[in-house]
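*Asks:* A single structure is presented below for examination.
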2 protein chains.
Amino acid sequence: MRPKLTLKQIAKELDVSISTVSKSLRDSPEIGEDTRQKVQAFAKLYNYKPNNIALSLKNRKTKTIGVVIPEIVHHFFTTVISGIEHVANEKGYSVIVCLSDNSFDKEVLNMEMLANGSIDGFILSVAKETMQKGDYHHLIEVVNQGMPLVLFDRSVEEVPSDKVIIDDVKGAKKAVQCLIDKGAKNIGIISTVDYISVGKLRTQGYTEALQENGFNVNQKSILKIENMDNIESEISAFVKESDFDALFAVNEHFAAAAVRAVRDKGQKVPDDVQVIGFTDGELSKRFIPSLTTISQHGSRMGEEAARLLIEKLEKSPNEEESYKTIIVETGLIERESTK
Amino acid sequence: MRPKLTLKQIAKELDVSISTVSKSLRDSPEIGEDTRQKVQAFAKLYNYKPNNIALSLKNRKTKTIGVVIPEIVHHFFTTVISGIEHVANEKGYSVIVCLSDNSFDKEVLNMEMLANGSIDGFILSVAKETMQKGDYHHLIEVVNQGMPLVLFDRSVEEVPSDKVIIDDVKGAKKAVQCLIDKGAKNIGIISTVDYISVGKLRTQGYTEALQENGFNVNQKSILKIENMDNIESEISAFVKESDFDALFAVNEHFAAAAVRAVRDKGQKVPDDVQVIGFTDGELSKRFIPSLTTISQHGSRMGEEAARLLIEKLEKSPNEEESYKTIIVETGLIERESTK
């Protein structure tokens, strides 16, 4: 039997990108006529069917939810999965997880594989590279074909779908306000590059909180980390350069590295420098000192996402289409790294 | 259209366990004649097909690997998944992950769902409850039906399959020998209950290392944790009760909790009490003091497992069936928690 042709193989055969193949098969005007025809002819020749979703929707209910996450080593994503599993199992659904590894191509390929009859709907957090490219055609396409999609955490406005997010700006403001209330005068932020929506929003919350309290915003107090391999040395240099009495980190890894940097500088947490992180994972709980943190309630986000998706899956086909955005409130958990 | 019937629904309808349904459909002699007939009649009535695996094997290659792991919050499992993804993607395979949550029923249900046409073969680490029950019929069945299965880490002898394991006994001996070489005289172990194979084997390695060095083995120096909700208080009580100068913990969470317990007792790590963990995760790296640990090379285990599985999937059908066990060597990573 001839093996099933995949997007990846078509891309390789024709020496074009996966995105080009995907868009060509969907008649995207972004792709030139020549390429489009070439891809479509090749797909036809090998009997590739891009519209299997509709087929799968008509023919069966798999009672399975497909989850695509950017990475698995972040505690946050594992708690979201627990939340999804919890509600899904209660309602008789199974859960399948795939990793995009923050890669656009892997996100497209995983969605293609899952949509091909394995699942009834998607819960997804957008890959870093997808945000960087701003290319969401694969997500929009899935929605257009009638397969329900719920975005969580790293969500994008361009995609018409249900969404579960936290108020990142408000969460960050909560953290910075807490530091100010505890006497901090010179607060640094350790964030990610701006194309990661959560990094950008948390930096915005930091800025707003400072301004509302009459503090100056100094660009030298804002560290935006791009390369995750170098976080120890980048944070260490950042902490050494300024005379911070408090640090706000947008995830728990950055927060832990910040505590070490403070210690290496010969200062103490929280006496000399207070530290607040984001995401309430094992690291924050077990760390010495244990880390004060903004909790994202990942498990609740997962529960809400699963509820929204199952609602869509089980609604009558005559009901009007509408999209909800659920904002899950963040919480402040005070521990040993603040006064 | 009538929705697809699942094992779970049959079990619910007939008020028997999932295991009973699964075994009845496979004509297991463990199940009484009455129940077997009842289950089979019901399944037939609703057109349930337990042998979809064979069908799926004949009809298509999905080029997808199904991974079933007991839990996702342990860094070890996430590194294994990275390793699997790495080799799988290189060879043109996709990866789907499901969680058993350490539940026997969920393991059986997940395998049923995946084997139903979504994947070509399994990579699996056995659930805690499955080990406790000693019921491996679902695993043996998959192998008998001709779907390749690779077990990793929590592997069981009863299942004829390829296996990727670490030498837990040897790894534990390495840890304890390191502590003895660094002058420790009174070494405690923080382990799990015995039905978890790795906990049992690591405790055995601890015992052997002590004996080989002429030390007595004191049962009061062995803590076996069953309830994961209480690890802080159990470890704290254990550390307070004895006058340890070193502790060996069978995972990094136990190791981090051990450091805190030592500190709460008014002692210092590593000056008064040295600590070694197992599994080289983010927690071990970021912790203050950073944790000396036995590295399981999870990523290499995942790579080996993927290689074994793909080898099986791509071998000629005429080749003779044979099973390999690959033992991945553990390594000792010395950091700040030992002298």
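*Asks:* Looking only at helices (runs of 4 or more DSSP H) that lie completely in segment A:74-161, which have at least 3 residues being among the small types (Gly, Ala, Ser)?
*Replies:* The qualifying helices (runs of 4 or more DSSP H) are A:75-90.
*Asks:* Any idea which residue in segment A:1-21 is modelled with the highest pLDDT, counting only those that are part of a helix (DSSP H, G or I) and over 29 Å from the mean Cα position of the chain (by Cα)?
*Replies:* Checking each candidate, the answer is A:Leu14.
*Asks:* Also, quick follow-up: Hey, any hits in segment A:304-312 for a residue that's away from every other protein chain (no Cβ under 14 Å), in a loop (DSSP other than H, G, I, E, B) and surrounded by 15 or more Cβ atoms within 10 Å (Cβ to Cβ)?
*Replies:* no
*Asks:* Considering only segment B:162-171, how many residues are acidic (Asp, Glu) and part of a helix (DSSP H, G or I)?
*Replies:* Qualifying residue count for the region: 1.
*Asks:* Moving on to the next point. So which of A:Thr207, A:Thr192 is without any contact (Cβ under 8 Å) to a residue 24 or more places away in the chain, of a type in the set (Ser, Thr, Tyr) and surrounded by 16 or more Cβ atoms within 10 Å (Cβ to Cβ)? Full working, then the answer.
*Replies:* On the way: A:Thr192 fails: without any contact (Cβ under 8 Å) to a residue 24 or more places away in the chain.
When all the criteria are applied, what remains is A:Thr207.
*Asks:* Still on this structure, I have one more. Among the residues of segment B:27-45 satisfying the criterion of being closer than 24 Å to A:Lys63 by Cα and loosely packed, with under 13 Cβ neighbours inside 10 Å, which is farthest from the other protein chains (Cβ to nearest Cβ)?
*Replies:* Filtering segment B:27-45 for residues that are closer than 24 Å to A:Lys63 by Cα and loosely packed, with under 13 Cβ neighbours inside 10 Å, the one farthest from the other protein chains (Cβ to nearest Cβ) comes out as B:Ala41.
*Asks:* Given the structure, is A:Asp167 surrounded by fewer than 19 Cβ atoms within 10 Å (Cβ to Cβ), more than 30 Å from B:Leu5 (Cα to Cα) and either at pLDDT below 90 or of a type in the set (Val, Ile, Thr) (or both)?
*Replies:* Here the answer is no, as A:Asp167 does not meet what is asked.
*Asks:* Next question. Given the structure, is A:Asn213 among the polar types (S, T, N, Q), closer than 23 Å to A:Asp271 by Cα and touching a Phe, Trp or Tyr at 6+ places or on another chain (Cβ under 9 Å)?
*Replies:* Considered against the rule, which asks whether it is among the polar types (S, T, N, Q), closer than 23 Å to A:Asp271 by Cα and touching a Phe, Trp or Tyr at 6+ places or on another chain (Cβ under 9 Å), A:Asn213 comes out as no.
*Asks:* Checking the structure you have, find out if any residue of segment B:76-86 is in contact (Cβ under 8 Å) with a residue 12 or more places away in the chain, in contact with an Asp or Glu (Cβ under 6 Å, 6 or more places away or on another chain), buried (at least 20 other Cβ atoms within 10 Å of the Cβ) and within 14 Å of another protein chain (Cβ to nearest Cβ).
*Replies:* Yes, there is a match, as at least one residue in segment B:76-86 is in contact (Cβ under 8 Å) with a residue 12 or more places away in the chain, in contact with an Asp or Glu (Cβ under 6 Å, 6 or more places away or on another chain), buried (at least 20 other Cβ atoms within 10 Å of the Cβ) and within 14 Å of another protein chain (Cβ to nearest Cβ).
*Asks:* Among B:Ser24, B:Ser56, which is assigned to a helix (DSSP H, G or I), at pLDDT 80 or above, surrounded by 13 or more Cβ atoms within 10 Å (Cβ to Cβ) and more than 10 Å from chain A (Cβ to nearest Cβ)?
*Replies:* Selected residue: B:Ser24, the only one of B:Ser24, B:Ser56 that is assigned to a helix (DSSP H, G or I), at pLDDT 80 or above, surrounded by 13 or more Cβ atoms within 10 Å (Cβ to Cβ) and more than 10 Å from chain A (Cβ to nearest Cβ).
The values are calculated or read from the model by the stated rules, or taken from the named source; none is laboratory data. Please read these numbers as outputs of a predicted model, since none were measured by experiment. So basically every Cβ, Gly included, is an ideal-geometry build from the backbone, and we count neighbours across all protein chains shown.
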